[in-house]
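A short write-up of the structure that comes next.
The values are calculated or read from the model by the stated rules, or taken from the named source; none is laboratory data. Since this is a predicted model, take the numbers as computed values, not measurements. Cβ atoms come from the backbone with ideal geometry, glycine included; neighbour counts cover every protein chain shown. Surface accessibility is based on the protein's heavy atoms, side chains included, excluding ligands, DNA and RNA. Shrake-Rupley method; radii C 1.70, N 1.55, O 1.52, S 1.80 Å.
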Amino acid sequence: MYAQLRETAGDLARLLWREHTVYRERGGGVVIRGEHVRRWISLAPTGGKDRALLRAGRILDGGTTAPARSEVVVDLTASTAELAAVCRRLLADVTAAADEQRIPRPRAAEPSRAGRAPRPPRPRRTRHTSFGSWMVLLCVAGIVALYVHSLYR
């Protein structure tokens, strides 16, 4: 099966891109990389006779591959031109998805900090300690005074 995939991938690569790299995947499939268009196509066996899983995705800035954006099961007995048409459709889907991600989404209108009016200062109390707080302090001082007085008796 690998030989058939390799041969089909080589034919597809020549039809799709002038500059390409074809190599074997870990799972037994074949990958076609088009560095100049920043896209990749993968042909992987599906377990069925003369059928393969065709996936397409992007090549990221660092040279790594992004996960597949679209995939379809194809019949390998179809002509190379038909397979190339399916590949082009998948690549168009990948490109459309990538363009969708680049479009900036409108944000909710919220005023910036610079555009806001300054907050009015908080009203300041003149007395920081309330009457209840003074009463608690006096009670604690009284208890401490009683304790000290009981020690010296």
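Could you please find all residues in region 19-57 being open to solvent by 70 Å² or more (accessible area, probe 1.4 Å), among the charged types (D, E, K, R) and not in a loop (DSSP other than H, G, I, E, B)?
Scanning region 19-57 gives Arg24, Arg51.
Select from region 76-95 the residues that are open to solvent by 60 Å² or more (accessible area, probe 1.4 Å) and out of contact with any helix residue (DSSP H, G or I) (no Cβ under 9 Å at 6 or more places or on another chain) and write down the one among them that is farthest from Arg14 (Cα to Cα).
It comes out as Asp93.
Hey, among the residues in region 23-75 that are farther than 18 Å from Val86 by Cα and either of a type in the set (A, V, I, L, M, F, W, C) or in contact with a helix residue (DSSP H, G or I) (Cβ under 8 Å, 6 or more places away or on another chain) (or both), which one's modelled with the lowest pLDDT?
Looking at residues that are farther than 18 Å from Val86 by Cα and either of a type in the set (A, V, I, L, M, F, W, C) or in contact with a helix residue (DSSP H, G or I) (Cβ under 8 Å, 6 or more places away or on another chain) (or both), I get Ala66.
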